[in-house]
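Notes follow once the structure below has been shown.
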Number of protein chains: 2
Amino acid sequence: MSLDIIQVGLGPIGVAMARKAVARGHRVVGGVDTNPALLGKSLAEVLGCPARGHVVGTPEEAPAGDVALVTTVSDLGRVVATCIPFLRRGVAVVSTCEELIYPWKSLPTESRTLDEAARMGGVACLGTGINPGFVLDYLPVILSAPVEEVRSLRAWRVVDAGLRRGPLQKKVGAGLTPAEFAARVAQGGFGHRGFMESLHLLCAAFGLDTAGATTFIEPVISERAIATEHATVAIGSVAGIHQGASDASGRIQLDLKMYVGALNPADVVEIEGTPRIRVEVQGGYHGDIATCAIALNAAEKIRRAGPGLRTMLDMPALCAPFARE
Amino acid sequence: MSLDIIQVGLGPIGVAMARKAVARGHRVVGGVDTNPALLGKSLAEVLGCPARGHVVGTPEEAPAGDVALVTTVSDLGRVVATCIPFLRRGVAVVSTCEELIYPWKSLPTESRTLDEAARMGGVACLGTGINPGFVLDYLPVILSAPVEEVRSLRAWRVVDAGLRRGPLQKKVGAGLTPAEFAARVAQGGFGHRGFMESLHLLCAAFGLDTAGATTFIEPVISERAIATEHATVAIGSVAGIHQGASDASGRIQLDLKMYVGALNPADVVEIEGTPRIRVEVQGGYHGDIATCAIALNAAEKIRRAGPGLRTMLDMPALCAPFARE
C-alpha cells in the first residue's frame, strides 16, 4: 500500500525521512518549510530523489495527500498550528514532535483542538519516535502484556552522545562547565523533551494518577578528557545530561543519561511483577535512525488508528519492512 | 471497565483464569465444560470465588456476556465449533488455542467460518498466549517497529520444563528413550503446537511468503541424570524437545527448546537490520502465568480490535494491571 506523503519540515531528519519513504515505494507529493532558501525550489532537487512539486511555505498551500510527516520543531504549540490545516482536510499526521507523544496532560487545550480537527477530517494525528515514543513508554507497556500484575516499572537509557549528531551533543550540554549547565537549566527549555510525556503515557496505560509526578535534570560530570568531532570535554566539566521522572508513588521510574563517552549504552526495561521481567536492548536503539523508521512504520498503519488525536497505545502492531532478497 | 465473562473450559488453566478475572473486578456470569463431573454444579463452587450460575455443557446453553474465554483443547477444529455460537450471538472470544494465533494459512476454511461468524456478531475472535502469541511472533514484530529494514530475524526460547507442570514435562517427552520419542513424532500431533502459526503470523506481518516454510522436531538428549516431581530422566534418554521453523528464504528462524534441566532459560529475539537489535528476557516468561495474563489483558481490549477473526497484530497495546498501592 503506497502512500502520498507531504513532508513538513525539510531539515536533515525531514529530508532523510522523505528519501526513505520514496525508497519504500511511497510518493512524496508535497513539501513544506519556512526556510526562505528552500521556498519555491523543486522538491526533487531538495530531497535528491523523485518527488512531485515545489517547496511551499504553509500547510494551506500544500497539495492533498494521505499523510503529512511533520518533523519541524519541538514546540508543541507551533506544531499544533502546523497540523490543524492538514487534519481538517483529511490528511493524517505523523509527527516526531516529542510532546505530541502524549499531550493530553501537559497541554489539554491544544490536545482537544488537535483531536477535534482530526475527527473533523476523519483521520488520525499521532506523535511517535524512539524516545519519547518507544523505549521509555510504549515498549514497557507492551512488555507488560503477558504480566499478571505490575508492582513497579523502571525503564532507562544510557546513550553515548559522542556517537550522535553535533546538535545532540550540544543539546545535552557536552563541554559546558557545571555552572554553565546550571544556568541553562535555570533558563528553561533545556534537556531532552517529552520526558514527562513518556511518564504521562505510561500512567494513562496503567491507569495511574499523574498528579505529584516529579522530574529532575542534572549534569553528568566527566571523569576523563574526551574530544569528539563536535565537542571537547575536560575532566570535571559536563559530558552530558542525566534526567529522571517518577510518578508520585515512585512505582514508575524513568531515567535517561545522554553523554559523550557513555559506558555500556543500552535501553533497559525492568518490570517487578508476576513474573519479573528484565529486557535489555544491547547498545540501545539509535535515536535518529530509529525515530525516522518508527515514524514511517507508523505512517503505513495510521489509517487503522481511527480518527482523532491518537497515541502509540491506540496503534495496531507496527512493523518494519523486510529487505528484498 | 468491568466485563461479563463466560469461562469455557474449566480445567486448571480455565479455573485459574476465571479466578484472576474475578480478582480484577470482572464478573464470571457463565461456565461451560463437557466434563460430566462438573455439569450442573454451581460455578462459584467450581471456581472457589464469586460467580453466577451453573456449569453448562454447550456454548448454546451459556448466558449472554461480553467475552468468552476459551481454554478447552488444542484442536482448532473443535475450538471453532465452540467459538461460533458465541460469536454469532455477539460474544467476543479470546482463546488460548495455539493454532488460533494465526489460523489463516493452516486452516483457511475454518478461519473464514470464524471470521464470518464474528462479523455477523459484530465482535472479535482472537487467539493469544505467550507461545504462540507473544515471544516468538508478536514481540519480534513490535521490536521491529523502530527498525528501518529487517534483513533477518531469529527468535528462540529455552524453557526449563522441570519448573513447569507435569503435563508439560510429559508433552515434551521427558524420560522417553530416543526410540520412543521418534515413535511419538512419527505418530503425529506430538510436540509444541502453534509453532508454524507463529511463523505464519511473522510472515503476514512482514509480507513474506509462507510457501516452502520448513519445521523440524528432535529430542534433547540428557547428558545427566535428572529427577523432577513428575519425570525421571537418565543419561542418554530424552530430556525434552527441540523444535524449529523457518521460512523458505531462511531469513526468519524460530527455535524452541523445552526440556527438563535446561540451562540458562531465556526468551531471545535478534533482528539483523538497521539497527541490529538483540533483546533477551532473562529467565523467560513463565508459560502458564503469562498465557493466563495475556488472555485477560487481551479480553480487556478486545472490543477495540473491530469485528472478525483478528490476530495480535490487530490489537492496540495490551497492558497489565498495576497493583493497588
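B:MET196 satisfies every condition listed in (1) farther than 16 Å from B:SER106 by Cα; (2) part of a helix (DSSP H, G or I) except (1). Run B:ALA290 past the list (1) facing chain A (nearest Cβ under 10 Å); (2) hydrophobic (A, V, I, L, M, F, W, C); (3) part of a loop (DSSP other than H, G, I, E, B) and report the number of the one that doesn't hold. Going through (1) facing chain A (nearest Cβ under 10 Å); (2) hydrophobic (A, V, I, L, M, F, W, C); (3) part of a loop (DSSP other than H, G, I, E, B) one by one, B:ALA290 breaks only (3).
The numbered conditions (1) in contact (Cβ under 8 Å) with a residue 40 or more places away in the chain; (2) in the same structural domain as A:SER198 (by TED's automatic domain parsing) are all true for A:VAL123 except (2). For the range B:258-278, the criterion of being touching a Leu at 6+ places or on another chain (Cβ under 8 Å), within 14 Å of chain A (Cβ to nearest Cβ) and free of Cβ contacts under 8 Å to residues at least 60 places away in the same chain is met by none of the residues. So which of B:VAL233, B:VAL268, B:VAL220, B:VAL238 ends up being in contact with a helix residue (DSSP H, G or I) (Cβ under 6 Å, 6 or more places away or on another chain) and of a type outside the set (Phe, Trp, Tyr)? From the options B:VAL233, B:VAL268, B:VAL220, B:VAL238, the qualifying one is B:VAL238. Looking only at the range B:26-48, decide whether some residue is under 19 Å from B:PRO132 (Cα atoms), touching a Lys or Arg at 6+ places or on another chain (Cβ under 8 Å) and surrounded by 18 or more Cβ atoms within 10 Å (Cβ to Cβ). No. Residues that are buried (at least 21 other Cβ atoms within 10 Å of the Cβ), aromatic (Phe, Trp, Tyr) and under 23 Å from A:PHE322 (Cα atoms): does the range B:191-210 have at least one? Yes, that holds for at least one residue. For the range A:304-325, the set of residues classified as within 7 Å of chain B (Cβ to nearest Cβ), assigned to a loop (DSSP other than H, G, I, E, B) and more than 16 Å from the chain's Cα centre (by Cα) consists of A:PRO316, A:ALA317, A:CYS319, A:ALA320, A:PRO321, A:ALA323, A:GLU325, listed by residue number.
A:GLU116 meets each of the listed conditions (1) assigned to a helix (DSSP H, G or I); (2) buried (at least 20 other Cβ atoms within 10 Å of the Cβ) apart from (2).
Output the residues belonging to the range B:273-304 that are modelled with pLDDT of 95 or more and among the aliphatic types (A, V, I, L, M). If the condition is that a residue be modelled with pLDDT of 95 or more and among the aliphatic types (A, V, I, L, M), then B:ALA293, B:ILE294, B:ALA295, B:LEU296, B:ALA298, B:ALA299, B:ILE302 are the ones that fit. Just to be sure, is A:ARG112 within 30 Å of B:MET312 (Cβ to Cβ), out of contact with any Ser or Thr (no Cβ under 6 Å at 6 or more places or on another chain) and either in the same structural domain as A:MET196 (by TED's automatic domain parsing) or at pLDDT 95 or above (or both)? Criteria not met by A:ARG112. Of B:ALA239, B:ALA234, which residue is more than 14 Å from every other protein chain (Cβ to nearest Cβ), modelled with pLDDT of 90 or more and surrounded by fewer than 18 Cβ atoms within 10 Å (Cβ to Cβ)? Just a single option satisfies the conditions, and that option is B:ALA234. Here the helices (runs of 4 or more DSSP H) wholly within the range A:1-112 that include at least 2 residues being among the β-branched types (Val, Ile, Thr) are A:12-23, A:76-88.
Only a single criterion out of (1) assigned to a helix (DSSP H, G or I); (2) over 22 Å from A:GLU270 (Cβ atoms) is not satisfied by B:ILE217, namely (1). Looking only at residues in the range B:198-214 that are more than 14 Å from every other protein chain (Cβ to nearest Cβ) and over 18 Å from B:ILE241 (Cα atoms), the one that is farthest from the chain's Cα centre (by Cα) is B:ALA213.
The values are calculated or read from the model by the stated rules, or taken from the named source; none is laboratory data. All figures in this text were calculated on a predicted structure; none of them were measured in a lab. For neighbour counting, all protein chains shown are included, and Cβ atoms are generated from backbone atoms with ideal geometry for every residue, glycine included.
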